[in-house]
Amino acid sequence: MKYEKESFDALMNRVRACTLCEAALPQAPRPVLAASEHSRIVIIGQAPGILAHDSATPWNDRSGDRLRRWMGIDTNTFYNEKLISLIPMGFCFPGYKNGADAPPRKECAPAWHHQLLSRINPSLTVLVGRYAQQFYCPKYKTLTEAVQSEAHASQSIIITPHPSGRNNRWLGKNPWFESSLVPALQQRVQALLEN
């Protein structure tokens, strides 16, 4: 294999130089992720929004603020790559569709996720939103079913809705998520970070 003995830094350089979907993007490719092969936790989200794209910082918006609250961690911990890797389903800002961010591009996860995750080997993977859930846990018909079922099925995967304000209605209909699953997520994260 061509890259068999490549360093993790070299792998990240290849990811950051990716132009697989350049023709379909509204702006020049700018993969936005943060990862270390030493991370205990991996967060797999959707795709960077325009604020994350412009700042080259994943989760650099209100959704990121809510996700950090759900996890019970501060900004410094969240962005400490030795603790947490931030890997989206689509690495570049996909543009807009129907007044909202477009879905993540489909090229990134098949091209890069296995290469990254096989080197990181996290203790906990947090799948944020429907796109990550469908890719990694396709057996569930709905995100609600996935969040409920996986919460009891695995110590290594936790599925959450996307923390966007667009999901406030889902959160209102499913108060058990914030009353039961969020504290369990915080305990799991804290246990890994203290280890």
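Read-outs throughout are calculated quantities, based only on the coordinates presented, and are distinct from any laboratory measurement. This is a predicted model, so every value here is computed, not measured. Every residue, glycine among them, receives a Cβ derived from its backbone with ideal geometry; neighbour counts consider all protein chains shown.
Before moving on, here are some points about what is shown:
- In terms of other Cβ atoms within 10 Å, LEU117, LEU181 run from fewest to most in the order LEU117, LEU181.
- Where [x] 17.7; [y] 21.5; [z] 17.0 are the candidate values, the label of the one calculated here for Kirkwood radius over Cα pairs in Å is [z].
- Debye, to nearest 20: dipole size of the chain, +1 on Lys, Arg Cβ, -1 on Asp, Glu Cβ: 420 debye
- Annotation for the range 1-50: trypsin sites (Lys or Arg not before Pro) lying in DSSP loop with at most 12 further Cβ atoms inside 10 Å of their Cβ are LYS2, LYS5.
- Fewest-first ranking of THR75, THR125, using other Cβ atoms within 10 Å as the exposure measure: THR75, THR125
- Percentage relative contact order, the range 1-133, counting C-alpha pairs under 8 Å, at least six apart: 34 percent
- Whole-Å distance, taken between Cα centres, linking the range 1-53 and the range 101-157: 16 Å
- Arranged from fewest to most other beta-carbon atoms within 10 Å of their beta carbon, GLU37, GLU194 become GLU194, GLU37.
- When you filter the trypsin sites (Lys or Arg not before Pro) in the range 121-195 for DSSP loop state and at most 13 other Cβ atoms inside 10 Å of their Cβ, you are left with LYS139, LYS141.
- Approximate spin-label separation SER149-ASN80, in nm, with each point projected 7 Å along Cα-to-Cβ: 3.5 nm
- Computed about the Cα centre, the dipole magnitude for the range 98-195 is approximately 280 debye when only Lys and Arg (+1) and Asp and Glu (-1) carry charge, each at its Cβ.
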